[in-house]
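Written out below as structure tokens is the structure these notes cover.
The values are calculated or read from the model by the stated rules, or taken from the named source; none is laboratory data. Since we're looking at a predicted model, the values are computed, not measured. Heads up, the Cβs are rebuilt from the backbone with ideal geometry, glycines too, and the neighbour counts pull from every protein chain shown. In case anyone asks, the SASA skips ligands and DNA or RNA and just uses the protein heavy atoms, side chains included. Shrake-Rupley method; radii C 1.70, N 1.55, O 1.52, S 1.80 Å.
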Amino acid sequence: SLPIDNRAFGPSSFYIVMHKPALFQEYLRPTLDVSSDKVRVMVRGADNGGLVTLSHPATMSMMYECKENATVEVTMTVPIPPFLPLVGRWRKQCVMNANAGPSKSLKLTLDNDLRSSVYSDGAVAPEFKAESKSLWKLGAADRLVIATLENVGRVDMTIGSVSVSPANPRSVHLALLECDVLGCGSGSALSTREEVVLGPGEVARVGFRMVCKETADTEIQGYIPVFGYQPIEFGMQKTCHAPKVRRRRAYITAGRYLFLVVGLCLLITFATLYIAYSRSSLQKAAKVFEPAAAAGTQRPSYSTPSITRV
């Protein structure tokens, strides 16, 4: 039997993970087939395809819009040429909830020097609207963005799992981080996997880290579902530069210095021995040829004539 997602609220999360010996694999835009038009399914996080590696798995979130109470079968197909596509099937039990429109009890701001307001009083700021032609720009040096969601109302607000994804995954890799007042990855906050309830006056934080892979400008799309209200959807423009290949410099460490000294001493020792051996061989050769040379140059002895009287 097919697995069933019977949660009344929130998206379904899927992951594409690479295993050895493969190092990377490109995947194309996923396609969805829903057995009934009573439920609308939208994919976030990999809607334009991308690249999955050993260290960077791909994350996809399925958003549901229930037009009626129904249980439908969903089939997702992810092409991975030149191989056969990945196919996943599950059932979704969808419950239609009364939508009260945009929530005025939530406020979303960026944790930067300007405390830029992304969403407040039930509306997204013009520079953060996904359809805006002049989106809020993130420079090449902006690698980590942290946002704070605050409940400024008087009732509890239920927040679904957050989804933030690049429009062009080939240009930038994006990873979501759960943050709190102590920093990212150190405690509970706006969750990327489950629902979070914010009481009046409470805040939660979420961050996303960006790693550029090529020189390009790409849109970052954010989606925060709010139970009983319209989701908060926002966008930013990210400028990327191709990463530079850094070469390691040759530093002289203590080990390398010792190796050089020992090598130089050995070289001097071998050179000294070679010179001494060469001199010894020359001296032996000189002693062998010296008697012969002396014999060849010796003058003959003559007797002096004398006259003897008789």
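What the table shows:
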quantity: Condition met for Leu144 (among the aliphatic types (A, V, I, L, M) and open to solvent by 70 Å² or more (accessible area, probe 1.4 Å)); calculated: yes
quantity: Any chance Val78 is open to solvent by less than 60 Å² (accessible area, probe 1.4 Å), closer than 14 Å to Ile16 by Cα and among the hydrophobic types (A, V, I, L, M, F, W, C); calculated: yes
quantity: So Thr158, is it in contact (Cβ under 8 Å) with a residue 24 or more places away in the chain, part of a strand (DSSP E or B), touching a Lys or Arg at 6+ places or on another chain (Cβ under 9 Å) and not basic (Lys, Arg); calculated: no
quantity: Conditions (1) within 21 Å of Val162 (Cβ to Cβ); (2) under 28 Å from the mean Cα position of the chain (by Cα); (3) open to solvent by 30 Å² or more (accessible area, probe 1.4 Å); (4) modelled with pLDDT of 80 or more: number failed by Met62; calculated: (3)
quantity: Yes/no for Lys107 being touching an Asp or Glu at 6+ places or on another chain (Cβ under 7 Å) and either open to solvent by 60 Å² or more (accessible area, probe 1.4 Å) or of a type in the set (Phe, Trp, Tyr) (or both); calculated: yes
quantity: Positions within region 193-217 being open to solvent by 70 Å² or more (accessible area, probe 1.4 Å), hydrophobic (A, V, I, L, M, F, W, C) and under 16 Å from Cys179 (Cβ atoms), in sequence order; calculated: Val203
quantity: Subset tally (residues that are assigned to a strand (DSSP E or B) and closer than 26 Å to Glu195 by Cα) for region 49-65; calculated: 8
quantity: Hits in region 42-59 - residues which are of a type outside the set (A, V, I, L, M), within 16 Å of Gly222 (Cα to Cα) and open to solvent by 20 Å² or more (accessible area, probe 1.4 Å); calculated: Arg44, Asp47, Asn48, Thr59
quantity: Residue in region 1-9 that is of a type in the set (A, V, I, L, M, F, W, C), touching a strand residue (DSSP E or B) at 6+ places or on another chain (Cβ under 8 Å), open to solvent by 20 Å² or more (accessible area, probe 1.4 Å) and farther than 21 Å from Thr158 by Cα present; calculated: yes
quantity: Subset of region 10-41 (residues that are modelled with pLDDT under 85, touching an Asp or Glu at 6+ places or on another chain (Cβ under 7 Å) and either assigned to a strand (DSSP E or B) or open to solvent by 40 Å² or more (accessible area, probe 1.4 Å) (or both)); calculated: Ser12
quantity: Meets criteria (of a type in the set (Ser, Thr, Tyr) and closer than 24 Å to Ala167 by Cβ) for Thr77; calculated: yes
quantity: Residue check, Glu68 charged (D, E, K, R), in a loop (DSSP other than H, G, I, E, B) and in contact with a Lys or Arg (Cβ under 6 Å, 6 or more places away or on another chain); calculated: yes
